1. List the pairs whose first member sits in segment 20-41 and is within 16 Å of the ligand (Cβ to nearest atom) and at pLDDT below 95, whose second member is of a type in the set (Ser, Thr, Tyr) and outside any strand (DSSP E or B), and whose Cβ atoms are under 6 Å apart, counting only residues at least 6 apart or on separate chains?
2. Kindly check whether there is at least one residue in segment 270-277 that is at pLDDT 95 or above and either of a type in the set (A, V, I, L, M) or not in a loop (DSSP other than H, G, I, E, B) (or both).
3. Can you tell me which residue in segment 376-414 is nearest to Tyr366 (Cα to Cα), limited to those that are over 25 Å from the mean Cα position of the chain (by Cα) and free of Cβ contacts under 8 Å to residues at least 40 places away in the same chain?
4. Out of curiosity, is Ala82 surrounded by 12 or more Cβ atoms within 10 Å (Cβ to Cβ) and among the aliphatic types (A, V, I, L, M)?
5. Hey, any hits in segment 397-414 for a residue that's in contact with a Pro (Cβ under 8 Å, 6 or more places away or on another chain) and buried (at least 21 other Cβ atoms within 10 Å of the Cβ)?
6. Would you check which residues across segment 348-373 are over 20 Å from Met213 (Cβ atoms) and assigned to a loop (DSSP other than H, G, I, E, B) and list them?
7. Among the residues of segment 84-137 satisfying the criterion of being in contact with a Leu (Cβ under 9 Å, 6 or more places away or on another chain), among the β-branched types (Val, Ile, Thr) and within 15 Å of the ligand (Cβ to nearest atom), which is modelled with the lowest pLDDT?
8. What about Ile379, is it part of a strand (DSSP E or B) and open to solvent by less than 10 Å² (accessible area, probe 1.4 Å)?
Amino acid sequence: MSGRVFSRASSPNPAVAVEAHGSTIVDSQGREYLDAAGGAIVVNVGHGRREIADAIAAQSARLSYAHGSAFTTEPLERYAAAVGAHLPMDDPAIYPVSGGSEAIETALKMARAVQIARGEPGRWTVLARWSSYHGNTLGALDLGSDALGTTTELVDELERTIEAAGPGTVAAFVAEPIVGASLGAVEPPEGYWPAVAEVCRRHGVLLIADEVMTGFGRTGRWFGVDHWGVRPDILVAAKGATSGYWPFGFAAASGEIHDQVRAGGGFTHGFTYSHQPVAAAVAGEVLRILESEDLVTASAAKGERLKALLADRLGDHHAVGDIRGRGLMVGLELVRDRSTKAPFPRSAKLVEAVLRIAREHGLLLYSGTGNANGVDGDIVLLGPPFVVTDEELRRIADGLREALDLALVGLAAG
Ligand code: PLP
């Protein structure tokens, strides 16, 4: 290949992906890779779905673009109604965009618009937790941090932070129900989410659930907050919503919030590719597949199976501190010392070696770093498509064990 692309790949000569099916990606040399991470925990319904390709072809032949400021479209209205049945909010409305970061930015502006519509223009601060990742645009990056501190999950800390910010200045609190990339499928302590929702409500702070990674069945329920019966004011989704077949995401608000924003003069916002009809057609088809093949239930069951296999292959491994997660969002924490959970130093680049070796052996994984103290710490994140087979789950557990052992040998050899 000519190499005229700013590359994201860690290797100077990345393989050329040419086709994919199920949980497998094939490169131009005919090599097959088992996609144990669904890319970046994206491909929920599996690769190579003919029916989605057909939906793209049909919608783009009929109507590929109509600007959102002038039109709404049939696939978009159909999708908003269909997805609303699964969203954990009353009478929801969605603002469709092109991905997770845009959806987060949309949610932040939406929260501000709600507070202004409620007559509270002084609420402009948005709180997020340490060690979180909400996207790569400047506003979204500002929310996250994996450079400082440790995860703060205590509810009274949230309350103290709201009070310290000043009464009536906090517009919203944003968090992932189960923390994905930055911590590796870490669940909050039981009771955390309902208590957080109560604190937010009591202080007039909107609760924004970032379900970009956890949404659409990834954790074995339609949305992560469903595990605790929590109903956020605003919910952000992307990734699994279109399973990687089309860039898409949305910020959803409850009907009450939608009405408040409308009554307050509306929501001045938009991107050239927001409200895109082909994206909506893809999202609609992905939703139909998730429903008709009962893939959310499959994610829950296969996730338990994957954790059991990992516990068997790696449960007593000296460099494994924890195996955790729900549904097919499973994290593995790598540690230098199992008893103290002390991490490897970042300079060892352990997880990078694990990913490289696994890829050389035809297994694709996802990683995170800095989970221990903002700098050190290595996690492997697994998120295969929900159509993954039992034989593939075994290959994932075996391949991960092998890659970890080889990476540790390499580290010891210096
Ligand atoms: N929020 C969470 C929880 C994510 O994991 C990500 C991406 O990994 C984003 C937001 C940003 O999404 P995108 O990469 O589609 O902009």
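1. Listed pairs, sorted by first residue: none to list.
2. Yes, some residue in segment 270-277 is at pLDDT 95 or above and either of a type in the set (A, V, I, L, M) or not in a loop (DSSP other than H, G, I, E, B) (or both).
3. This residue is Asp405.
4. In short, yes.
5. Within segment 397-414 (the criterion being in contact with a Pro (Cβ under 8 Å, 6 or more places away or on another chain) and buried (at least 21 other Cβ atoms within 10 Å of the Cβ)), the answer is no, since none of the residues qualifies.
6. Scanning segment 348-373 gives Lys349, His361, Gly362, Ala372, Asn373.
7. Result: Val126.
8. Taking the combined requirement at face value, the residue satisfies it.
The values are calculated or read from the model by the stated rules, or taken from the named source; none is laboratory data. For clarity, every value in this text was computed on a predicted model and none was experimentally measured. In this analysis, Cβ positions are derived from the backbone assuming ideal geometry, glycine residues included, and neighbour counts consider all displayed protein chains. For the accessible areas, the whole protein counts, side chains as well, though only heavy atoms, and no ligand, DNA or RNA atoms are used. Shrake-Rupley method; radii C 1.70, N 1.55, O 1.52, S 1.80 Å.
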